[in-house]
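The values are calculated or read from the model by the stated rules, or taken from the named source; none is laboratory data. Quick caveat, the model's predicted, so the values are computed rather than measured. Don't worry about glycine lacking a Cβ; one is built from the backbone with ideal geometry, like all the others, and counts go over all protein chains shown.
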Amino acid sequence: MVQKTVAFLHGCIGWFYPPFRRIMPEQTFRYAACGGGNTLLDITLFVIGHEYIFRGELVELPFVTLTPHIAAFLLAFSITFPVGFFLSRYVVFEERSARKREQLPKYMMVVAGAILLNYFFLKVFIETMGLHAAMAKILTTAVVVAFSYYSQKHFTFRAKVG
C-alpha cells in the first residue's frame, strides 16, 4: 500500500515538475508540493477547529485551559504530523540512507521546534498584535515552513557521507 501511494504521489508531482525543471531540483519541487499540500491541510484544519469545533471559545481540560487558537493548532498538528513525516520520508527524501528509526526521533525534534515556533508566533500575532486567527496561522506557517525545510534537509533526512 505504501509503495503504491508513493508511486501515485511521485507520478502526480512528476507530472507538474517539467516547467520547474530549470529553476529547482526535483527534490525541492517535491518538498514544495508535499509541504504545500500538508500546509494547506494544516491551515484548513486549523480554521475548521478554531471557527467550527472550538467556536472561538476557551477549551477547558482537566489540568489546563487552552485558547481556541492553541486548541485548533493542536488538533491540526495531530493529523499533519504523521502525514508530514510520511511525505518527507517516502516522497521527498526517499533516497536518503538513514533508517526510519534514526529519522523519526530527529523529525520529532524538528517538529518540537516547529511547535514552539507555532505557539510563540500564534500568541504574538493573535494576543499581542490582534490579528485574525486565520491570518496569524498563515504568517506563522511561513516562518515554520522555512525552519522545517532547512532542518529536515540538513538534519533529519541528511544523506550519510561515504
Q.
I need the full set of residues from the stretch 34-46 which are modelled with pLDDT under 95, in contact with a helix residue (DSSP H, G or I) (Cβ under 9 Å, 6 or more places away or on another chain) and among the aliphatic types (A, V, I, L, M), in order please.
A. 43
Q) Are there any pairs with C-beta distances below 7 angstrom linking a residue in the stretch 109-120 that is of a type in the set (Ser, Thr, Tyr) to a residue that is at pLDDT 90 or above, with the two at least 6 apart or on different chains, and if so which? A) 119/70
Q) In the stretch 1-54, which residues are among the hydrophobic types (A, V, I, L, M, F, W, C), in contact (Cβ under 8 Å) with a residue 40 or more places away in the chain and in contact with a Lys or Arg (Cβ under 9 Å, 6 or more places away or on another chain)? A) 9, 13, 43, 46, 47
Q. Among the residues of the stretch 23-30, is there at least one that is among the β-branched types (Val, Ile, Thr), at pLDDT below 95 and outside any loop (DSSP other than H, G, I, E, B)?
A. yes
Q) Is it fair to say residue 39 is within 24 Å of residue 150 (Cβ to Cβ), touching a Ser or Thr at 6+ places or on another chain (Cβ under 6 Å) and of a type in the set (Val, Ile, Thr)? A) yes
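Evaluate the stretch 91-106: report whether one residue or more is at pLDDT 90 or above, assigned to a helix (DSSP H, G or I) and within 13 Å of residue 31 (Cα to Cα). I'd like the intermediate steps shown before the answer.
Quick first cut of the stretch 91-106, residues at pLDDT 90 or above only: 91.
With the extra rule that they be assigned to a helix (DSSP H, G or I), the set shrinks to 91.
Still in the running and within 13 Å of residue 31 (Cα to Cα): 91.
Yes, because at least one residue in the stretch 91-106 is at pLDDT 90 or above, assigned to a helix (DSSP H, G or I) and within 13 Å of residue 31 (Cα to Cα).
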Q) Quick one: is residue 124 within 30 Å of residue 55 (Cβ to Cβ), at pLDDT below 85 and out of contact with any strand residue (DSSP E or B) (no Cβ under 8 Å at 6 or more places or on another chain)? A) no
**Q.** Selection count, the stretch 134-153, where residues are surrounded by 18 or more Cβ atoms within 10 Å (Cβ to Cβ) and under 13 Å from residue 73 (Cβ atoms)
**A.** 5
Q: Among the residues of the stretch 118-162, count how many are in contact with a Phe, Trp or Tyr (Cβ under 8 Å, 6 or more places away or on another chain), of a type in the set (Val, Ile, Thr) and in a loop (DSSP other than H, G, I, E, B).
A: 0
